[in-house]
Every structure is written in C-alpha cells, then in structure tokens.
Amino acid sequence: MSKLILCKGKLSKNPYYIVGLGMNIYSIEELCYYFVKDAYILDNDIMDLGLCDFIADELELTEIAEALRSLILRGASLGQFVTSLLEMTGYLEEEELFSIKQVLVDNASLSFAMKRKKRADNLLEAKKFTRAIDEYRYMLNRMKKSEDPEMYSLILHNTGVAYARLFMYDKASYYFKEATALNDDKEILIHYLQSLRMTMKKDAYERFVLRMGYPDSIIRETEERLSLARSEKSDSEYAKEIEEIRELRSDGHISEYYNRIDETFVKWKLEYRDRMIARSAR
C-alpha cells in the first residue's frame, strides 16, 4: 500500500481513546504519529480488536483493519502489529521504519515495571498528573519493595512529584518520605522537605528538621530552592490562584484549603475541556 491511504482515511467525529497513551485518536495519521512518538512505551494493550473496529468503521480503512485484526487473532507480536500498520500506511521511510523496529525489539526486553514506569513518566512530563498517578499507583500495588528497591523508590518519588504538581502537598510528602526510606538520593530528600514546608508553619517545620538532624547543607538548599520558586512567580492566569491556595494553608485554614484545591482543579479541568471542544470545532 502507498501513502495515499493516509489521504483516503477519514477524520473521525468519534475518537478512539488509547488508554496507554492517554490520547484520543481521530485519524490514521494521528495513530501512526503516536505509535512512532511513543514507541518506547507501547505494550500489548494497544493490540485491541476495538481499535480494528475503529479503523474499519470510523476511518473506513477496512483493508488495514482486517490485516491488523488477523495479526491479533494469530497472536502476532507487538512489533509485528505496529510495524505492519506503519508499512501498510507508508507513514515512514524504510530507514525510519527500521529504527522503530529496533525500539520495539529493545522495549520487548524491558521488565513490566520499566515499561509501566516509562509510560507514567511520559504522562507526568505531559502534565497529565492524575493519569500519571494512576499508573504509578498501579505499579506500586503490584510490585514488592524487595524486588527492586531502587525502582520502587523512584516510582514513589515520581508519585510524590505528580501530587505536588496538583498542590496536594500532604500526599506528596507521604510518597517522598516513603522514597527516602529506600533511597538516600539528595534530590528525594529535598523534595520531601519542600513538600513538608508547604504544609507546615515555619516554626513547626524548623523544629522538625532540627529534631531529625538533617544536614545544614540540605536544609539551606531546600530553602534556597523555595525562595527561588517564589521569586519566579508566573504571570499566567493561574499564578494568582495558586498563591491564594498556598496562603490558605499557611494561615491554618485547612478545610478551606482543601475545598479550594478541589474547586480550582474542577474549574481548570472544565476550562481545558472547553478549549478542546473549541479547538475541535475549528
């Protein structure tokens, strides 16, 4: 098949949602694009008959859909599935296709935990914090600390990072603390102290770090980073709301603090949804 297939495929009004990528797909071009872009985190979850139905019914690319369906039913590998799609659509040049095949081969040798962590890290980097948290917690619920303490600690740490990005510093500090018990990395400890500082009054925090006997250099660096973050306030529409939420916590208005977090997060999600609707209408 030639690249003309890409031109013939319809733009669907009803997207197909790929859970592993956290993406809605509207066209065969998008599907190929994300398979290439996220090749290193793909797993067998994408080999779904529902995807074949979408390609046939919504995109009206029956020949491609049937070929992919046949691969799934025959028990083909993930590499065969992805590269067959890319070959049938002519999405990549031969050299590029070879590179993707190599990525898929390398990925096949990764452990379950490493694949899932890469997926979660990708969601975290894309600022899809709640989905990243779901992925990290999925791994934590299925791993034992003793299997790979370092990997487990990094998953704990990144879960804390995701919660911190949502201003949920209590939960963030919990995961950072758990990570410090398994990993003595300085960055993890600093993140733990930063999250504590965001949830504690200054005098209580100072008593805590003194009692715990943390190195002065770590305490100073934590304060320096917090000061730098405060001095680099964004001029975006969200900055004022974030600062107001922080002040509620600092002033001891705990109940109002959590209510405001929930209200703000819901509002931002609705604003995001409205922007997506407006974008799709263009």
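Side notes on the structure shown:
- Residue match in the stretch 67-76 (condition: among the aliphatic types (A, V, I, L, M) and closer than 21 Å to ASN122 by Cβ): no
- For the stretch 9-43, filtering for residues that are loosely packed, with under 14 Cβ neighbours inside 10 Å, at pLDDT 85 or above and within 19 Å of GLU135 (Cα to Cα) leaves 1.
- Considering residues of the stretch 189-234 that are surrounded by 10 or more Cβ atoms within 10 Å (Cβ to Cβ) and polar (S, T, N, Q) only, the residue modelled with the lowest pLDDT: SER234
- Test: residue in the stretch 205-215 that is outside any helix (DSSP H, G or I) and under 24 Å from the mean Cα position of the chain (by Cα): no
- The listed residues are THR159, THR83, and the only one of them that is polar (S, T, N, Q), closer than 20 Å to LEU42 by Cα and surrounded by 18 or more Cβ atoms within 10 Å (Cβ to Cβ) turns out to be THR83.
- Residues that are of a type outside the set (Gly, Ala, Ser), surrounded by 19 or more Cβ atoms within 10 Å (Cβ to Cβ), farther than 21 Å from ALA132 by Cα and modelled with pLDDT under 95 do not occur anywhere in the stretch 164-178.
The values are calculated or read from the model by the stated rules, or taken from the named source; none is laboratory data. Note that the structure is predicted; figures quoted are calculated from it, not measured. Note: ideal-geometry Cβ built from the backbone for every residue, glycine included; neighbour counts use all protein chains shown.
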